[in-house]
1. Could you please find all residues in the stretch 223-250 being in contact with a Lys or Arg (Cβ under 8 Å, 6 or more places away or on another chain) and touching a residue at least 60 places away in the same chain (Cβ under 8 Å)?
2. Exactly one of these conditions fails for ARG173: (1) among the basic types (Lys, Arg); (2) buried (at least 19 other Cβ atoms within 10 Å of the Cβ); (3) without any contact (Cβ under 8 Å) to a residue 12 or more places away in the chain. Give me its number.
3. List the strands (runs of 3 or more DSSP E) inside the stretch 17-117, counting only whole elements, that have at least 3 residues being hydrophobic (A, V, I, L, M, F, W, C) and touching a residue at least 12 places away in the same chain (Cβ under 8 Å).
4. Name every residue in the stretch 213-226 that is hydrophobic (A, V, I, L, M, F, W, C) and buried (at least 18 other Cβ atoms within 10 Å of the Cβ), in order of residue number.
5. Look at LEU400 and say whether it is under 30 Å from GLY72 (Cβ atoms), within 16 Å of the ligand (Cβ to nearest atom) and either over 24 Å from the mean Cα position of the chain (by Cα) or modelled with pLDDT under 95 (or both).
6. Within the stretch 90-118, can you find the residues that are over 16 Å from THR47 (Cα atoms) and more than 17 Å from the chain's Cα centre (by Cα)?
7. Does LEU180 meet the test of being in contact (Cβ under 8 Å) with a residue 40 or more places away in the chain, within 19 Å of LEU162 (Cα to Cα) and aliphatic (A, V, I, L, M)?
8. Kindly list, by first and then second residue, each pair from a residue in the stretch 353-364 that is aliphatic (A, V, I, L, M) to a residue that is part of a helix (DSSP H, G or I) and away from the ligand (no atom under 12 Å from the Cβ), limited to pairs with Cβ atoms under 7 Å and residues at least 6 apart or on different chains.
Amino acid sequence: MPTPPSATPRDEPVIRDRGDACPGALRLHAADDGYLARVRIPGGLLTSRQASALALAADRFGDGHLELTSRGNVQLRGLAGGCGTGLAELLDGAGLLPAPGHERVRNIVATPLSGIGSSGRPHVTPWVGELDRLLCASTRATALSGRFLFAIDDGRGDVAALDPDVTLLGGPRGRALVRLGAARGAVEVDAADAPRAALLAAEYFLDSADAAGTRAWQVSELPAAHAPEEGEFALRLGSAGIAADVLPQVAWPYAPSPRPWGPGTGDRTPLCVLPPLGRLTADQWRVLVGVAAGGEGDGELRVTPWRSIVLPGASTRRPLDGYARLVAAGLSVAPDGPWESVTACTGRPGCAKALSDVRADARAVVDAGEAPAGPAGAPVHWSGCERRCGHPRGAAWVDLVATPDGYLLDGRPVPSHELAQAVADARRQPRVSEDAVKK
Ligand code: SF4
């Protein structure tokens, strides 16, 4: 079983001399395979119309593929120079650019299965839209970095484990916890106040960063002398008319990510689809949109931070309606498939820093059939260099980093002919954890 993360120690304070360089839908990144656009999808929530617009953008301006990110966003690659205006107009027409000045700060992940089935937990998905609306209306929020992350968790502890800067955790009796960074404590507020409290938490961080003068991008980068405190935060909430109780110690829950196919919950069983390495062709994406639109509800799709997609209205009880079409399109919809928990950065040829085509290398190992899948295997991440972009968060994971001479596996060189077996062994007994290194 995946292991819960231990409490993350505070990182050393970081002195920044510039703003972050995260790409957006308007600020494109010049990669080796063309320009890259990252479209923020708060909560990973997409209507079928918005999803169709993304496929159109990939075909019209990009390389015909869509990539899912570790924050539940969507990337387009291989964009031609000069496409910015057309891309922005297309996205804006689909409601994917509601506030151009805020487009890079709309980083919100949310429990993908919230409100589906009868979990007994609060349905927190509506908080996503409310927090996004508040963010986009806040001039102060434009000072947040493109890396600052909000997590809206329904109490099970899945997205709360992703090292967010602000966590909202739904609780019983209409209450919610609000936490800044990796603090052990939190403040408790009425659920109706939760989205506003999250925005105020972000503004508290900005004030702390200004006072520190270090231009921190994230809460973990603040010097200890300027670390947020629950008591001060509760006072700030009180000044804004939000009653808050301070909880010095909280037993934070932990739940692993949803697996392909998702849990069975009667007629509302959702499909959870896993595209290999989080990358789909526009045609595969349209199959997903079609299956979502053919199910119950309004055709909603939920992109997860684990590079999968939940279709809340598509039922596993009617396989002919969608299941078979997804399988025929090459998408994984069953647990224990070979691609489960296998991720990779961009690598060659898209990234100039890459020392290898990590996606091809990952495919070769998966094709070798050595690596265990599903609960028997820890997540494995392939990186083209030591920056380890997009690596897993929370649980222990297996770390593969390309070097000029081959791969390091959890820091040890491995001959290429032994790589598949070594990865399989490491996934059975992962020895390196998120907290140990991998920064
Ligand atoms: S980990 Fe290195 S090679 Fe991979 S995308 Fe990041 S910078 Fe590029």
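1. First, pick out the residues of the stretch 223-250 that are in contact with a Lys or Arg (Cβ under 8 Å, 6 or more places away or on another chain): 224, 227, 240, 242, 248-250.
The answer is ALA224, ALA227, PRO248, GLN249, VAL250.
2. (2)
3. Numbers: elements: 29-31, 34-39, 65-68, 74-79, 108-110.
Hits in the stretch 17-117: 34-39, 74-79, 108-110.
4. Narrowing the stretch 213-226 to residues hydrophobic (A, V, I, L, M, F, W, C): 216-217, 219, 222, 224-225.
If the condition is that a residue be hydrophobic (A, V, I, L, M, F, W, C) and buried (at least 18 other Cβ atoms within 10 Å of the Cβ), then ALA216, TRP217, VAL219, LEU222 are the ones that fit.
5. Numbers: under 30 Å from GLY72 (Cβ atoms): yes; within 16 Å of the ligand (Cβ to nearest atom): yes; either over 24 Å from the mean Cα position of the chain (by Cα) or modelled with pLDDT under 95 (or both): no.
So LEU400 does not fit the description; no.
6. Residues satisfying the conditions are ALA99, PRO100, GLY101, HIS102, GLY115, ILE116, GLY117, SER118.
7. Details: in contact (Cβ under 8 Å) with a residue 40 or more places away in the chain: yes; within 19 Å of LEU162 (Cα to Cα): yes; aliphatic (A, V, I, L, M): yes.
Against the criterion (in contact (Cβ under 8 Å) with a residue 40 or more places away in the chain, within 19 Å of LEU162 (Cα to Cα) and aliphatic (A, V, I, L, M)), LEU180 qualifies.
8. Close Cβ pairs (under 7 Å, with a partner that is part of a helix (DSSP H, G or I) and away from the ligand (no atom under 12 Å from the Cβ)) amount to ALA362/LEU277.
The values are calculated or read from the model by the stated rules, or taken from the named source; none is laboratory data. Keep in mind that this is a model prediction, so the values were computed, not measured. We place every Cβ from the backbone using ideal geometry, glycine too, and count neighbours over all the protein chains shown.
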